[in-house]
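Before any comments, here is the structure.
The values are calculated or read from the model by the stated rules, or taken from the named source; none is laboratory data. Here the structure is a predicted model, which is why all the values come from computation and not from measurement. Glycine also receives a Cβ, built like all others from the backbone with ideal geometry; neighbour counts cover every protein chain displayed. In case anyone asks, the SASA skips ligands and DNA or RNA and just uses the protein heavy atoms, side chains included. Shrake-Rupley method; radii C 1.70, N 1.55, O 1.52, S 1.80 Å.
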Amino acid sequence: MIHPNSIKNIDLFIEDFSKELEKGLPGTLAQQKMAPSIRNYCPNENDPDLTRDSSVLILFYQKGEDLYFPLMKRSLGNHRHSGQISLPGGKFELSDKDLIDTAIRETEEEMGLLGNKIHIIGPITGLYIPISNFQVQPIVAYYDGVPQFKADSFEVNQIIETNIEELFKVDNKHEETLHKDKFEIRTPYYDVKGHKLWGATAMIISELEELLKRASLIK
């Protein structure tokens, strides 16, 4: 049974969300709702001999009477994902015990958080990103207390504290058409405080949205 209005209480929310995870994941069908149309022309499966493993963290926390998770705008450097909105995370290193360890380490480095205050709930559906040849494993967790963010100045341009209820309002979901290399690309995106959250991160968040709605935690 879902606790009434648990979206306002981190302890009840985690209990309810964890129970929903145990019922199974919505999977790629939920991810596809926010997939750019160009993915129709890309491979959906990775080559295990070439793909690089990585993970990202969806980190719930309570601030006042609302629940949040952090996103970040990547720095405007000369790299493929510069300036994009993303979850904290990165590639697996040999020093990492597993992909959970990767997600926690990267979140510590990028957002200046304390790893011993990050508590794991569980993984959701992984996603292959053809353009970078990464296999990304999203990990869901929660933070003990209110995070005191300190962005890494080299990798992070801005940390965006994202209110769960606000993000998933109907009027925050949009679509635009981009033209690139003779392709017309239909691109769904979430509006996050004036920033466009699209691509692989939006696909991951789309499954999160499906789980939250399935559990009646959001409308």
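Brief remarks on what is shown
- The GNM of the chain, with springs linking C-alpha atoms under 10 angstrom apart, assigns the highest mean-square fluctuation among P70, P88, P147 to P147.
- Carbon plus sulfur fraction of accessible area for the chain, probe 1.4 Å, in percent: 49
- The GluC sites (Glu not before Pro) of the range 125-219 include none that meets both conditions, a loop assignment by DSSP and at most 13 other Cβ atoms within 10 Å of the site Cβ.
- Fluctuation leader among P130, P36, P138 - the chain, Gaussian network, Cα springs under 10 angstrom: P130
- Mean Cα-pair separation over length for the chain, i.e. relative contact order, pairs under 8 Å, 6 or more apart, %: 29
- Trypsin sites (Lys or Arg not before Pro) lying in DSSP loop within the range 70-131, provided at most 13 other Cβ fall within 10 Å: R80, K97
- The chain - mean residue ellipticity at 222 nm from DSSP helices (-39,500 (n - 2.57) per run, n ≥ 4, rounded to 500): -6500 deg cm²/dmol
- Taking amide hydrogens as placed 1.01 Å from N in the peptide plane, the amide H of Q84 sits under 5 Å from those of R74, each at least 5 positions away in sequence or on another chain.
- Only one residue of L57, G115, I205 has its Cα farthest out toward the positive end of the dipole of the chain, where Lys and Arg carry +1 and Asp and Glu -1 on Cβ, and that residue is I205.
- Solvent-accessible heavy-atom area per residue, rounded to whole Å², over the chain at 1.4 Å: 53
- Set K33/K150; K19/K169; K150/K219 screened for pairs whose C-alpha atoms are more than 27 Å apart: K33/K150; K150/K219
- Of I185, I139, I118, the one that fluctuates the most in a GNM where the chain has Cα springs shorter than 10 Å: I185
- Each Lys and Arg contributes +1 and each Asp and Glu -1, all at the Cβ; summed about the Cα centre of the chain, the dipole is approximately 560 debye.
- Too-long pairs where the Cα-Cα distance tops 30 Å, listed order kept, from K97/K193; K8/K91; K73/K97; K8/K196; K63/K196; K180/K213: K97/K193; K8/K91; K180/K213
- Only Lys, Arg (+1) and Asp, Glu (-1) charged, at Cβ; the range 104-219 dipole about Cα centre in debye: 260
- H174 - accessible surface, heavy atoms, 1.4 Å probe, Å² rounded to 10: 70
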